Amino acid sequence: LQRWGREWAQGCGLSRGASEAGLWHGRSSELGGGDDRPVEGVPPSTKRGEAPHRREPKEKRGEGAGRSSEQGCSLFPVNHDAGPGRAALGALVVLRRALARACPGAQYSGVKVELAQNFQMGISNKTPEFLQMNSLGKVPVLETKDGAVFESNAIARYVARLKADNPLYGSTLFEYARIEQWIDFATMEIDANVARWLYPRLGYGFYLPPAEEIAVAALKRALGALESHLSTNTYLVGHAVTLADIIMACNLYHGFVNVMIKSFTSEFPHVERYFWTMVNQPNFVKVIGETKQAESLPTLQSSKKPVQPKEPAKPKVKEAVKTETKKEPAKPKEEPADEEEEAPKPKPKNPLDLLPPSKMILDEWKRLYSNTKINFREIAIKGFWDMFDPEGYSLWFCDYKYNDENTVSFVTLNKVGGFLQRMDLARKYAFGKMLVIGSEPPFKVKGLWLFRGREIPQFVVDECYDMELYDWRKVDITDEAQKERVNAMMEDQEPFEGEALLDAKCFK
């Protein structure tokens, strides 16, 4: 058995004197005594109730200072200097997540980690040599003497198992199962929902407010379950750090530094305590450095490719008159001076600019609204109805179709703010009020809009996708109840329709 164990360890590169074949070198210290002792890494026979690959501590085995074994392998991440483009940004996010899982595990396991040098995402990962290790061309990839390993969790597990008696995997089969349980939870419930929240905001795919709402609600549900467990436990499994804690903390790190701002995480004090306890441990600090929580959500980025500026039109050059030596040159026809150069086409006017003039001047109403600080109903609202021209303008109520999904207050407010930003194209022709209603979720979103023309402008419907997320109803100004509702929305009346106002936003 001992001879078989040594041969097995040699095949894995764990024998004495194994060559340092790569840029990521793993060193497991104090692995045994003399040559007659079992070689570290050999799976001993497992009794029922014991974790696989567990051995008694060296103090109980009576082992003294022994030899060291080295495992040669290379970790292929991405070049930090790849540039500020989308590929580089995405690669850097992947790199942080990969290193955050593998490298703290390596620190706890006593494995020294160095990154592959001169690796450029988009170039190095497209070479035939790299594609043999991972045909998808993705990072991270760990190259060992036995072959390549990819996927972050698989690499983290491999690093943790370089030492057979590594406490990162618990001491019993039950602890082993619980560790695997929390690893899956961290991956499927925390990491996946943070990604669904973050990536659309960075421009990877389309940003849809209902989809973000679902991702945030799912993340809150997962954090609630984690909060309940951590209310009576310092760590996920047992009384010391395990691989489950490392992967969980790294997935939380991805959220804390990007989208999980203080107002969001304050609902989960035990999760906050657990996260800051983990990332401030020396083995984490060596890898990820100082951790700072995000202060605001990332600014929404367009998922469309940037349009390259068109080259300026080259001025037309008159063709030289061709002459022939044998024949008499034909007399060129005189071209009218007006046809020598085409006059630039006038920019097409907005259809709303072609409407008959209106007695209501929108800018005057906006100034009256902004400058009225007292007696709002007597001054501003009375002035509005005096100005209002039903032939040149129309009023519309809007109600959000998916209010049952508005379970997170700040996400609902961001949703309304994004809508108003995307309505900027209509600023010359519109005025709007948006109310977020309710003291508890789900919150209701209702609005009042004034548009130039007797219908909602078609270019607004075509360009602003938020329009289809609302039900629109034209205000009947002959109905006194509807007019009073307009007045209440304009002056932010509270309570509004029997409910408290969470916020009111104005588009002007």
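Each value in this text was obtained by applying a stated rule to the coordinates, not by laboratory testing. Bear in mind the structure is a predicted one, so any value in this text is a computation, not a measurement. With ideal geometry, Cβ positions are generated from the backbone for all residues, glycine too; neighbour counts draw on all protein chains shown.
Could you work out how much longer the chain between Gln281 and Arg221 gets when fully extended? Use 0.36 nm per residue separation minus the Cα distance between them, nm to one decimal.
Answer, rounded to one decimal: 18.9 nm.
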Looking at the range 391-472, which GluC sites (Glu not before Pro) are in a loop (DSSP not H, G, I, E or B) and have at most 16 other Cβ atoms within 10 Å?
Glu391, Glu455
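By average Cβ neighbour count within 10 Å, what is the ranking of 350-356, 224-230, 162-168, 261-267 from highest down?
Those peptides, ordered most packed to least, come out 162-168, 224-230, 261-267, 350-356.
Pick out, in residue order, every one of the trypsin sites (Lys or Arg not before Pro) in the range 361-399 that is DSSP loop and has at most 11 other C-beta atoms within 10 Å; say none if there are none.
Lys373
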Ranked from highest to lowest mean number of other Cβ atoms within 10 Å per residue, what is the order of the peptides 429-438, 494-503, 140-149?
429-438, 140-149, 494-503
In whole angstrom, note down how far apart the Cα centers of the range 458-508 and the range 161-225 are.
39 Å
Can you tell me the Rg and the Dmax, both Å, for the Cα atoms in the range 164-221?
16.2, 48
The range 362-507: relative contact order from alpha carbon pairs under 8 Å, six or more residues apart, as a whole percent, is 32 percent
When Rg is the radius of gyration of the Cα atoms in the range 170-288 and Rh is its Kirkwood radius, what does Rg/Rh come to?
0.98
Virtual spin-label span in nm between Gln181 and Leu208, 7 Å along Cα→Cβ
3.5 nm
Applying the gyration tensor rule to the Cα atoms of the range 362-507 (axes a ≥ b ≥ c; rounded if a/c under 1.5, else prolate if a/b exceeds b/c, else oblate), the class is oblate
Just to verify a number: FRET efficiency for Leu131 and Met188, C-beta to C-beta distance, R0 = 25 Å, to 0.05?
0.35
Length-normalised contact order of the range 170-288, Cα under 8 Å, at least 6 apart, in percent, tallies to 32 percent
For the Arg273, Ile374 Cβ pair and Förster radius 51 Å, calculated FRET efficiency rounded to 0.05 is 0.60
